[in-house]
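Input: a single structure, listed below in C-alpha cells.
The values are calculated or read from the model by the stated rules, or taken from the named source; none is laboratory data. Keep in mind that what you see is a predicted model, and the values were worked out from it rather than measured. Here Cβ is always computed from backbone atoms with ideal geometry, including for glycine, and neighbour counts include all displayed protein chains.
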Protein chains: 2
Amino acid sequence: MDWCSKFCSSSGHKINPPAGWKDHNFSADEPLMPWFGIDIGGTLVKLVYFEPTDERVNSVPEAETTRKIRHYLLSKTAYGDSGVRDVNLQLEDQKINGRTGTLHFIRFPTSSMPGFIALTKSKGLAPNSSTVCATGGGAHKYDSACQSLSLKFKKMDELHTLISGIQYILKQNSLEAFYYTDPLNNETCKSEFLTSRVDPPYLVVNVGSGVSILAVAEDHSFRRVSGTSLGGGTFHGLCCLLTGCETFEQALELASLGENNKVDKLVGDIYGGDYAPFNLKASTVASSFGNMIHPDKQKQTTKEDLASSALVSITYNIASLSFLCARIEKLKTILFVGNFFRINSISMRHIAHALAYWSENKVKALFMRHEGYFGAVGCLLNLTSADGSDNVEETNRDLPSKN
Amino acid sequence: MDWCSKFCSSSGHKINPPAGWKDHNFSADEPLMPWFGIDIGGTLVKLVYFEPTDERVNSVPEAETTRKIRHYLLSKTAYGDSGVRDVNLQLEDQKINGRTGTLHFIRFPTSSMPGFIALTKSKGLAPNSSTVCATGGGAHKYDSACQSLSLKFKKMDELHTLISGIQYILKQNSLEAFYYTDPLNNETCKSEFLTSRVDPPYLVVNVGSGVSILAVAEDHSFRRVSGTSLGGGTFHGLCCLLTGCETFEQALELASLGENNKVDKLVGDIYGGDYAPFNLKASTVASSFGNMIHPDKQKQTTKEDLASSALVSITYNIASLSFLCARIEKLKTILFVGNFFRINSISMRHIAHALAYWSENKVKALFMRHEGYFGAVGCLLNLTSADGSDNVEETNRDLPSKN
C-alpha cells in the first residue's frame with residue numbers, strides 16, 4: 001500500500017556481497033593490518049578483530065603496532081572494568097579479503113568509549129594509515145574523537161552492515177542459527193542448531209537498546225519495515241529504576257527469579273477464571289504492571305517479580321510486532337538478533353512459544369549465536385569496499401520526533 | 001493468510017442491530033424498568049442508566065424500587081469515595097426499546113464492586129425480576145454475587161457489546177467522533193467533530209487496562225485481530241511504582257508536567273545529532289527509559305519525567321500496533337476508544353500525529369466522546385435481545401499464557 005512510505009522504507013536497499021566476502025584470493029586492495037570492525041551502539045560497543053593465521057603470517061613481517069595490538073587483545077579475555085572477549089564465539093578459519101584467520105569478538109559499554117580512545121592513544125595502539133570501519137550511532141558521535149587517532153575512520157550504515165554480517169556468518173558457519181523445541185517446558189525444552197541453510201527472504205528483528213525490524217528479500221535487498229522504542233534499553237532502564245540493579249546481567253538474573261503474574265493483571269484477575277468464549281486462559285496477561293495500581297498488591301511483590309514483568313512485557317511486545325510484520329511481508333522465517341538476547345533464554349523461549357502458538361508452527365523463530373556482533377562483522381567485511389557506507393539517500397522514517 | 005488463525009479470530013463475529021436499537025415502537029417484550037447496562041472492566045466499572053422521559057412516564061405507574069433508584073442516581077453526581085456521574089456525557093432523547101429517555105453515564109473503580117453490591121442490597125435497590133445486562137471480565141467474576149441480588153443477571157460478550165454500543169452512539173449522535181488538526185502544535189492544535197457519518201469498515205482500538213484491536217467489516221461483522229498487554233493499566237501501574245502516585249488522574253497530571261526526553265535514549269544521545277540517512281531526527285526516541293541505565297542521568301530526572309516517558313512509550317506502541325493492523329486489514333479509519341483516553345489529550349494528540357505522519361494523512365485517527373462507555377451501552381441495547389450473549393463459540397486466542 002502506498003501510504004506506508006514514511007513508516008517503512010520507501011525503496012529497497014540493495015546488499016551486494018561486500019568485497020571482503022567474495023574476494024578469497026590475494027587482493028591488490030588488501031587493507032593494511034590490523035583489521036577491525038566496530039559497532040558503537042546505544043549501550044554497547046561491539047568489536048570484531050581478525051587475526052590472520054595463514055602461511056603468510058610467517059612470510060610477511062608484522063608492523064610493531066599490529067603486533068602490540070594482537071598481543072594486547074589476545075593475551076587476555078577481560079579489558080579494564082567492563083570489556084570482555086567472548087571466547088566461546090571465536091570463529092576459526094575465516095576467509096576474508098584474501099586472508100585466512102580467526103575472528104575475535106569483544107564488547108564493552110559505550111559509556112567507556114572515551115576511555116577506550118584515550119587508552120588507544122596512550123598505549124600507541126592506533127597504527128597510522130590503517131583503516132577502521134565503524135557503524136552504529138557512536139560512529140557518528142565519536143567521529144572527530146576517532147579521527148584524532150590519525151587512523152582512517154570509515155563510517156558505514158548500520159543496517160547495511162547488520163544485514164551483510166548476518167549473511168556472511170550464516171553462509172560461513174553451519175552452527176549459527178538455532179531454534180527451540182517445546183520452549184516453555186522446563187524439563188523438555190531444547191535448543192537445536194538448524195541444519196538446513198538459511199536464505200532470504202526472512203525478517204530480521206534487531207533488538208539492542210531499541211528495536212529495528214527489517215524485511216530481507218530473496219535478492220538480498222532489504223527495507224526497514226518497523227521498529228519500536230521498547231527494547232533492551234527499556235528492560236534494563238526500568239529494572240534500574242524499579243529494582244536498583246545496575247547491569248543488564250543483574251536485571252536478567254532478577255527476572256529469572258521472579259513471577260510476573262504478581263505484578264501483571266491476568267485474565268483470571270479480571271474474569272475470575274478462564275475467558276472461555278475467546279479461549280483466554282486465566283494465566284494470560286491482560287495488563288502488564290496492571291496490578292500495581294493496588295497498594296496491597298504492590299506490597300506483595302518483590303523486585304524479582306517487577307524485573308520479570310518488565311522482561312515478559314517487552315518480550316511479548318517484540319514478538320507481537322514481529323508477527324504482524326511477518327504477516328504484512330508474507331514471511332515465515334524471523335531471525336532475532338541483537339544483544340538483548342545475550343544470556344537471555346527467557347526472552348528467546350517466550351518468543352519461540354508465542355510465534356509457534358500464534359502461527360500454528362508456520363512461522364519459525366530463529367536465534368543466532370553471534371547475537372549482537374553482526375554489524376561489526378559487516379564493517380570488517382566492508383574494509384575494502386565502498387558498499388553500504390553512510391551516503392545512503394533513501395528516505396526512511398521511524399517514530400516521529402516530539403519536537 | 002491461513003496461519004494467523006490463533007492470533008486473530010478464525011471467523012467473523014456478526015453484529016445484528018440489537019433489539020433495543022431497531023425497535024423504536026412499543027414492544028410486547030419491553031423489559032421491566034429500571035434499565036441498566038454495566039461493563040465491569042479490569043479497572044473501572046462503567047454503568048449506563050436509561051431514564052425514561054416520554055409521555056408514558058406519567059401514564060404508567062413507577063414501581064417503588066425503580067423510583068428509589070432513579071432518585072438515588074440522579075440526585076447527585078458523585079457516589080461514595082470514587083463513583084462519578086459524567087454529566088457532560090449525558091445524552092437526551094435517546095430512543096431505545098420503544099421508549100424515549102436520557103442516557104446517564106456513571107463509573108466507579110472495579111475494586112469497589114463488592115461495596116456496590118452490598119449497598120444495592122442494603123438500600124433495597126435491586127428490583128425483583130428486573131434484568132441487568134453485564135459485560136466485561138467482572139460480569140463473570142461477580143456473577144454469583146450479583147445473582148444473589150435476586151435480579152436477572154444476563155452476561156454479554158464484551159466485544160459484541162463494545163461494537164454494537166459504538167455503532168448505536170455513532171448513528172444516534174452527530175457530535176461523537178472527533179479528530180485533531182495540527183496535533184503537536186500547542187498553539188494551533190484543534191479538536192473538531194467529524195461532520196460526515198462514520199460507517200464501517202474501520203479498525204476499533206479499545207484501550208482499557210489492556211488493549212484489544214478489532215477490525216469491523218462493511219457488513220458489521222468483526223474480528224479481534226490483535227492486542228497487547230501494554231495498555232492503560234501499564235501506564236497507571238508503572239506510574240504508581242515510579243512516582244508514588246495513586247490515581248490515573250494523578251499519573252496523567254504528572255506526565256503532562258514532565259519531559260520524557262530526559263528518561264529516554266534519543267537518536268541524538270546515540271548519534272550526537274540527527275541520523276540523516278534514515279531521516280531520524282535527534283529528538284526521536286530510540287529507547288524508552290534507555291537513559292535510566294546511567295546513574296547520573298537517573299539523578300537528573302523527576303517523577304514527572306518518568307510519568308511522561310511511561311505515557312509516551314505506551315502511546316506510541318499502541319499507535320504502532322494499530323497502524324500495522326490497519327495495513328494488514330487495509331483500513332483507513334481507526335476509532336480509538338476506552339477509558340485510557342479520558343482527559344488524556346496527550347495520548348490522543350500523539351496518536352493523531354503519529355498516524356498522520358506515518359500514513360501521510362491517509363489513515364485517520366478518530367476519538368470518541370463516550371470513550372469507555374460503549375460496552376455498557378451495548379449491554380443496555382441488548383436487554384431484550386439474545387444477540388451477543390456469552391455463548392460465543394468461535395476460537396480466538398490472545399497472548400499465549402505462561403503456564
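Quick grid of which residues meet (1) crowded, with 20+ Cβ neighbours inside 10 Å; (2) over 20 Å from A:Val87 (Cα atoms); (3) β-branched (Val, Ile, Thr):
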residue: A:Glu30; (1), (2), (3): no, yes, no
residue: A:Pro34; (1), (2), (3): yes, no, no
residue: A:Gly37; (1), (2), (3): yes, no, no
residue: A:Leu44; (1), (2), (3): yes, no, no
residue: A:Pro52; (1), (2), (3): yes, no, no
residue: A:Glu55; (1), (2), (3): no, yes, no
residue: A:Asn58; (1), (2), (3): no, yes, no
residue: A:Glu62; (1), (2), (3): no, yes, no
residue: A:Thr66; (1), (2), (3): no, yes, yes
Legend entry - Among the candidates A:Ala282, A:Ala326, A:Ala319, A:Ala310, residue that is more than 7 Å from chain B (Cβ to nearest Cβ) and more than 26 Å from B:His236 (Cα to Cα): A:Ala326
Inset, instruction - For segment A:322-352, enumerate the residues that are within 20 Å of B:Ser322 (Cα to Cα) and out of contact with any strand residue (DSSP E or B) (no Cβ under 6 Å at 6 or more places or on another chain). - result: A:Phe323, A:Leu324, A:Arg327, A:Ile328, A:Lys330
Inset, instruction - Name, by its number, the condition in (1) in contact with a Leu (Cβ under 6 Å, 6 or more places away or on another chain); (2) touching a residue at least 60 places away in the same chain (Cβ under 8 Å) that does not hold for A:Arg369. - result: (1)
Inset, instruction - Select from segment A:128-150 the residues that are of a type in the set (A, V, I, L, M, F, W, C) and farther than 23 Å from A:Phe374 by Cα and list them in ascending order. - result: A:Ala145, A:Leu149
Inset, instruction - Identify all residues within segment A:53-79 that are within 18 Å of A:Asn97 (Cα to Cα) and in contact with a helix residue (DSSP H, G or I) (Cβ under 9 Å, 6 or more places away or on another chain); write none if there are none. - result: A:Glu62
Inset, instruction - Go through (1) away from chain A (no Cβ under 14 Å); (2) in contact with a Gly (Cβ under 7 Å, 6 or more places away or on another chain); (3) of a type outside the set (A, V, I, L, M, F, W, C) one by one and return the number of the condition B:Asp157 breaks. - result: (1)
Inset, instruction - Have a look at A:Ser191, A:Ser226, A:Ser150, A:Ser196 and point out the one that is surrounded by fewer than 15 Cβ atoms within 10 Å (Cβ to Cβ) and either assigned by the TED database to the domain that holds A:Met113 or touching a Cys at 6+ places or on another chain (Cβ under 8 Å) (or both). - result: A:Ser150
Inset, instruction - Please indicate, with yes or no, whether at least one residue in segment A:284-291 is more than 18 Å from A:Tyr357 (Cα to Cα) and either among the aromatic types (Phe, Trp, Tyr) or out of contact with any strand residue (DSSP E or B) (no Cβ under 6 Å at 6 or more places or on another chain) (or both). - result: yes
Inset, instruction - Please verify whether segment A:236-247 includes one or more residues that are part of a helix (DSSP H, G or I), of a type in the set (Gly, Ala, Ser) and within 7 Å of chain B (Cβ to nearest Cβ). - result: yes
Inset, instruction - Kindly indicate which of A:Gly237, A:Gly244 is surrounded by fewer than 24 Cβ atoms within 10 Å (Cβ to Cβ), closer than 30 Å to B:Lys303 by Cβ, assigned by the TED database to the domain that holds A:Ala365 and modelled with pLDDT of 95 or more. - result: A:Gly244
Legend entry - Members of segment A:329-355 that are at the interface with another protein chain (Cβ under 10 Å from one of its Cβ atoms) and farther than 23 Å from A:Ala255 by Cα: A:Lys330, A:Lys332
Inset, instruction - For segment A:87-105, indicate whether the set of residues that are in contact (Cβ under 8 Å) with a residue 60 or more places away in the chain, within 30 Å of B:Met292 (Cα to Cα) and within 18 Å of the chain's Cα centre (by Cα) is non-empty. - result: yes
Legend entry - Selection within segment B:249-259 - in contact (Cβ under 8 Å) with a residue 40 or more places away in the chain and part of a helix (DSSP H, G or I): B:Glu249, B:Ala251, B:Leu252, B:Leu254, B:Ala255, B:Ser256, B:Leu257
Inset, instruction - Find the residue count for segment A:202-220, including only residues that are out of contact with any strand residue (DSSP E or B) (no Cβ under 6 Å at 6 or more places or on another chain) and more than 10 Å from every other protein chain (Cβ to nearest Cβ). - result: 5
Inset, instruction - Would you tally the residues in segment B:289-331 being in contact (Cβ under 8 Å) with a residue 40 or more places away in the chain and among the charged types (D, E, K, R)? - result: 4
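Being within 25 Å of A:Asn317 (Cβ to Cβ) and either at pLDDT 95 or above or touching a Gly at 6+ places or on another chain (Cβ under 7 Å) (or both) is the filter here; which residues of segment B:376-403 pass it?
Passing the criteria: only B:Asp398.
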Legend entry - Counted residues, segment A:110-131 - those being under 22 Å from A:Ser75 (Cα atoms), in contact with a helix residue (DSSP H, G or I) (Cβ under 9 Å, 6 or more places away or on another chain) and modelled with pLDDT of 85 or more: 1
Inset, instruction - Select from segment B:223-248 the residues that are without any contact (Cβ under 8 Å) to a residue 12 or more places away in the chain and not aliphatic (A, V, I, L, M) and write down the one among them that is nearest to B:Val312 (Cα to Cα). - result: B:Gly237
Legend entry - helices (runs of 4 or more DSSP H) contained entirely in segment B:128-222, each with at least 2 residues that are in contact (Cβ under 8 Å) with a residue 12 or more places away in the chain and touching an Asp or Glu at 6+ places or on another chain (Cβ under 7 Å): B:158-172
Inset, instruction - Would you be able to say whether some residue in segment B:287-302 is closer than 18 Å to B:Gly231 by Cβ, within 9 Å of chain A (Cβ to nearest Cβ) and at pLDDT 95 or above? - result: yes
Inset, instruction - Might you check whether a residue that is surrounded by fewer than 19 Cβ atoms within 10 Å (Cβ to Cβ) and away from chain A (no Cβ under 13 Å) occurs anywhere in segment B:162-172? - result: yes
